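These notes are about the structure you will find just below.
The values are calculated or read from the model by the stated rules, or taken from the named source; none is laboratory data. All values reported here derive from a predicted model rather than from experimental measurement. Cβ sites come from the backbone with ideal geometry, for glycine too, and all protein chains shown count toward neighbours.
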Amino acid sequence: MPDTTFNIAVLAGDGIGHEITSPTLDLLNLACSKAARDGDSLSLTYQHLEAGAGTYQKAGIALPDETVEQVRQADAILLACMGDPAVRYPDGTEIVPQIELRFRLGLFAGMRPVRAIPGVPVPLADPRFAEVDFVLVRESIEGLFAPDRAGTRSESEATETLLITREVSEKLFNHVFMLATQRQSTGRPGHVTCVDKANVFAAFAFFRDLFDETASRYPDLQTEHAYVDAMAMHMVNRPWDYDVLVTENMFGDILSDLGAALMGGMGYAPSADVGENHAVFQPCHGTAPDIAGQGIANPTAMILSGAMMLEWIGERHNSAIATAAGQRITAAVDRAFAPGELRTCELGGDAGVDKVVSAVRRQLESG
């Protein structure tokens, strides 16, 4: 039987990272075995690498060069969570090697899916929240996070630089419109919204102009513009109206947390940071050191990030098995939560790592 193997760099990181990583890898393996068909199979090999606050404490560096070199060689990167508020650099800033990794690998598109999971309570009562299914795409290496435009501070003032370049924005918008085209082929509206503040800032007027230039090459898709303050309101009162949103780095950082709340919390929110040659898949939540080791963490976002990784591998390498395996995991998560019996800790329940993983595994095995 022909077997295709993909090498996955795994960075479990800190806090709850290790306890949600191992069972997720088991589910990925199970999904791949279930998706094998027509004489073909798919295997994943895992290379466990060091990075994070714990690595900094041991080695004096949070993201070792050897780790970066290894992830460059991998077919995809699965990252749990990194950092610890109690472990900081000498200047007092937190250790966030996951952000450094975005810059070093050129991961310009931060993908933040916002999709209602059946059976997971959402914060607002409107039944149309069950229809919510959009993707927020955050430019991830420029904006107010641009690493080569460090802010300045004196006793009297502080400044930051907002950087928007044509080179990165064109890559971003091409990615976004291809994503919308792909979603349109599966029955989604094919609607792209540019979220900015073009009425006040020249940088965002430039961002909008570049968006419109790209939109002109996709006449079959609908487009619109929205100011970020208005979008914060629309994401609460009518999120079902949106398909694909694209915005600057800082705005995306804020709106993606709002999107996670619409899903039930950060424990349900997967993500990906995608570039031309590499992609990192990770849950949106932090390391939660206050509950680490207790087994009560919600692994759903990690599991769904793994599903996103498989689908990305499938698209990038034309692997129908990888695509099917990713879709199987997402469907298994939906079926596991649909009866409404699983309640994770952030929703006042007792379903931690073992209960959630076991429920998803049962659905994979039966599905």
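Here are the numbers for this structure:
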read-out: Any hit, segment 88-101, residues being within 19 Å of the chain's Cα centre (by Cα) and either in the same structural domain as Ser169 (by TED's automatic domain parsing) or closer than 30 Å to Ala336 by Cβ (or both); value: yes
read-out: Subset tally (residues that are buried (at least 18 other Cβ atoms within 10 Å of the Cβ), over 20 Å from Asp196 (Cα atoms) and over 18 Å from the mean Cα position of the chain (by Cα)) for segment 152-183; value: 0
read-out: Only one of Ala146, Ala150, Ala125 that is in contact with a strand residue (DSSP E or B) (Cβ under 7 Å, 6 or more places away or on another chain), modelled with pLDDT under 95 and over 21 Å from Tyr218 (Cβ atoms); value: Ala146
read-out: Index of the failed condition, Phe177 passing every other in (1) assigned to a helix (DSSP H, G or I); (2) of a type in the set (Phe, Trp, Tyr); (3) touching a residue at least 60 places away in the same chain (Cβ under 8 Å); value: (3)
read-out: Residue list for segment 281-340, restricted to those being over 19 Å from Gly267 (Cα atoms) and of a type in the set (A, V, I, L, M, F, W, C); value: Leu310, Trp312, Ile313, Ala320, Ile321, Ala322, Ala324, Ala325
read-out: Among residues of segment 68-96, those that are closer than 25 Å to Met309 by Cα and in contact with a helix residue (DSSP H, G or I) (Cβ under 8 Å, 6 or more places away or on another chain), counted; value: 13
read-out: Residue in segment 341-367 that is surrounded by the most Cβ atoms within 10 Å (Cβ to Cβ), counting only those that are over 16 Å from Ser33 (Cα atoms) and among the hydroxyl-bearing types (Ser, Thr, Tyr); value: Thr344
read-out: Identity of the residue in segment 292-340, assigned to a loop (DSSP other than H, G, I, E, B) and touching a strand residue (DSSP E or B) at 6+ places or on another chain (Cβ under 7 Å), that ends up surrounded by the most Cβ atoms within 10 Å (Cβ to Cβ); value: Asn298
read-out: Residue that is surrounded by the most Cβ atoms within 10 Å (Cβ to Cβ) [pool: residues in segment 39-52 that are part of a loop (DSSP other than H, G, I, E, B) and within 23 Å of the chain's Cα centre (by Cα)]; value: Gly52
read-out: Subset of segment 57-84 [part of a loop (DSSP other than H, G, I, E, B), among the small types (Gly, Ala, Ser) and in contact (Cβ under 8 Å) with a residue 12 or more places away in the chain]; value: Ala62, Ala74, Gly83
read-out: Filter result for Trp240 (within 14 Å of the chain's Cα centre (by Cα) and either surrounded by fewer than 24 Cβ atoms within 10 Å (Cβ to Cβ) or over 19 Å from Lys355 (Cβ atoms) (or both)); value: no
read-out: Test: residue in segment 21-38 that is assigned to a loop (DSSP other than H, G, I, E, B), more than 18 Å from the chain's Cα centre (by Cα) and small (Gly, Ala, Ser); value: yes
read-out: Residue pairs meeting the criteria (Cβ under 7 Å; at least 6 apart or on separate chains; first closer than 15 Å to Ala180 by Cβ and in the same structural domain as Val132 (by TED's automatic domain parsing), in segment 233-255; second of a type in the set (Gly, Ala, Ser) and not in a loop (DSSP other than H, G, I, E, B)); value: Asp243/Ala180; Val244/Ala180
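Matching residues to (1) among the hydrophobic types (A, V, I, L, M, F, W, C); (2) not in a loop (DSSP other than H, G, I, E, B):
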residue	(1), (2)
Ala86	yes, no
Arg104	no, yes
Leu124	yes, no
Ala130	yes, yes
Phe145	yes, no
Lys171	no, yes
